[in-house]
Each structure stands twice: as structure tokens, then as C-alpha cells.
1. Checking residue 108 against (1) surrounded by 15 or more Cβ atoms within 10 Å (Cβ to Cβ); (2) small (Gly, Ala, Ser); (3) part of a loop (DSSP other than H, G, I, E, B): exactly one of these is not met. Which one?
2. Among the numbered conditions (1) touching a helix residue (DSSP H, G or I) at 6+ places or on another chain (Cβ under 8 Å); (2) open to solvent by 50 Å² or more (accessible area, probe 1.4 Å); (3) at pLDDT below 80, tell me where residue 34 comes up short.
3. Consider residue 200 carefully, then state whether it is out of contact with any Leu (no Cβ under 7 Å at 6 or more places or on another chain) and under 30 Å from residue 42 (Cβ atoms).
4. Quick check: anything in the stretch 137-160 at pLDDT 90 or above and closer than 21 Å to residue 80 by Cα?
5. Which of the residues belonging to the stretch 123-169 are more than 14 Å from the chain's Cα centre (by Cα), surrounded by fewer than 16 Cβ atoms within 10 Å (Cβ to Cβ) and in a helix (DSSP H, G or I)?
6. Within the stretch 54-67, which residues are assigned to a helix (DSSP H, G or I) and surrounded by 13 or more Cβ atoms within 10 Å (Cβ to Cβ)?
7. List the residue pairs whose Cβ atoms are under 8 Å apart, where the first residue sits in the stretch 145-169 and is within 30 Å of residue 101 (Cα to Cα), the second is at pLDDT 85 or above and in a loop (DSSP other than H, G, I, E, B), and the two are 6 or more positions apart or on different chains.
Amino acid sequence: ASILTALMVILYTGSRGGMLGLIAVIAFFLFTKMHGITKSHKVVFTVAMIILFISISSKIDMDRYFTLTDVGSDYNVTDEFGRFQIWKRGFDLLLSNPLTGVGADCSAMAIGYAREALGITAKWQELHNSYIQVAVETGLIGFILFMALIMQSFKTFSRLKNIKATTPEAIEFKTISGLMLVAFIGQLVTAFFITQAYSLFFTTFFAFSAVMRNLSVKLDDRQRSI
């Protein structure tokens, strides 16, 4: 029920970044082997997706999603207030403050001041990109640490979904690790289009990664003792 509800919310919002994240999650889920997830599970999931899509297709703004096929003419590329121009201003701010950044949660205000300095409308603008947000607000040091956390979490989930499992707990642990990896991939994709670097989601994944890494050591010791 929670999965179907989440899918409906994503489709109803018309979020193209959310759609790209959903596509990444579905593709990884369907084409990657995960312990505890059989082909029949994937078939049932696919059929449920098709039925859900058909049942609510009349209420989905499909024209908005189809704009992904022609990114070059999208307002995010051509408009002054589109993402490309905002990202460009973000990179300019990073070059001006490479080590310390402009301060946590201050990028929108900094862009407003930068616009004012250029003699154009002093409009505060969110960066709509979590990675650029971290770089602009915390500088290169903070960005490197943030990316290190992401890489470590990704490696942890990837490694743990492939551990040798001989006990029920370890088998369940493998399945959870695989599902966490799928969810994390969705987070990494969607974060490219939203200003959510300090959100609960990244923090939760980092915490799960650390906890699961510690649990894996205990599981390994327990399996050896059996």
C-alpha cells in the first residue's frame, strides 16, 4: 500500500525530477539481482505498476513528462529564472567563496545579492540542486566531505547486499541492504533537482549505512561461530 501510494504521489505531482528518480529505482530494481527478491516479485510489481498507471493516466499531466524528450527548449534551459542560469550563478558564488562557501542555507539569499550587484532584479532563488547547494554553502571542503559520505554509504549498501549469508538474520540483512541501495539511488537522482541537501533523507541514509556496517561485523562473527 505504501509503495502504490508513493507511486501515485510522484505521478500526480508532475515532478520530472521525481519521474527520473522513479525510473532509476524501477530500472535498478528490475535488472539487478537481490537476495529475497524473485522474478515473480518483479513480475507482480511490474503488473501492478501497469494497472496503476492505466487507472490514473487520465489524471496525470503527461505533456509535462514528455517535455523530457526536448530538454533544449525547456524553460529551465532558456529562461533567466530556469535551473541552468541558477546553477551558473551558484558556480560563480562557489568561485568567489571556494573554501568556506556562503553559509549553510544562505545560497538563495546570496544569489539575490549577486543579482543585485549585477544590476538585475534582486530575486532570491533556490539552487534546485542538492550537490551544488552543498558546494556553494559549505565550500569545497564541505562538498568533499558530503560526497565522501555518499560514496561510503553507496559502497556499504552495495557490499552488504552481496555478503555470504548462512543464517536467517544474515539473509534478511542482505535483502534489506539491497532495498536500501535501490532507495539510495532514487535519492541520489532526485537530489540533483531539489534543494534538499540537509534533509532527513540524506541524514537517514548516512545513519543507516553506519549502523548496517556495524551490524555486519556482528553478523559475520555470529555466522563464524555457528
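The values are calculated or read from the model by the stated rules, or taken from the named source; none is laboratory data. Quantities reported herein were computed from a predicted structural model and do not represent experimental measurements. FYI the Cβ positions are ideal-geometry reconstructions off the backbone, even for glycines, and counts take in every protein chain you see. Quick note on the areas: whole protein, heavy atoms, side chains included, nothing else; ligands and nucleic acids left out. Shrake-Rupley method; radii C 1.70, N 1.55, O 1.52, S 1.80 Å.
1. Going through the list (1) surrounded by 15 or more Cβ atoms within 10 Å (Cβ to Cβ); (2) small (Gly, Ala, Ser); (3) part of a loop (DSSP other than H, G, I, E, B), residue 108 breaks only (3).
2. (2)
3. Working: out of contact with any Leu (no Cβ under 7 Å at 6 or more places or on another chain): yes; under 30 Å from residue 42 (Cβ atoms): yes.
Answer is yes for this residue.
4. In the first step, residues of the stretch 137-160 are kept if they are at pLDDT 90 or above; the result is 137-160.
Checking which are closer than 21 Å to residue 80 by Cα leaves us with none.
For the stretch 137-160, residues at pLDDT 90 or above and closer than 21 Å to residue 80 by Cα: absent.
5. 140, 141, 144, 145, 148, 152, 155, 158, 159, 168, 169
6. Let us first name the residues in the stretch 54-67 that are assigned to a helix (DSSP H, G or I), namely 54-59, 62-67.
Result: 56, 64, 65, 67.
7. Final answer for the pair search is 146/197.
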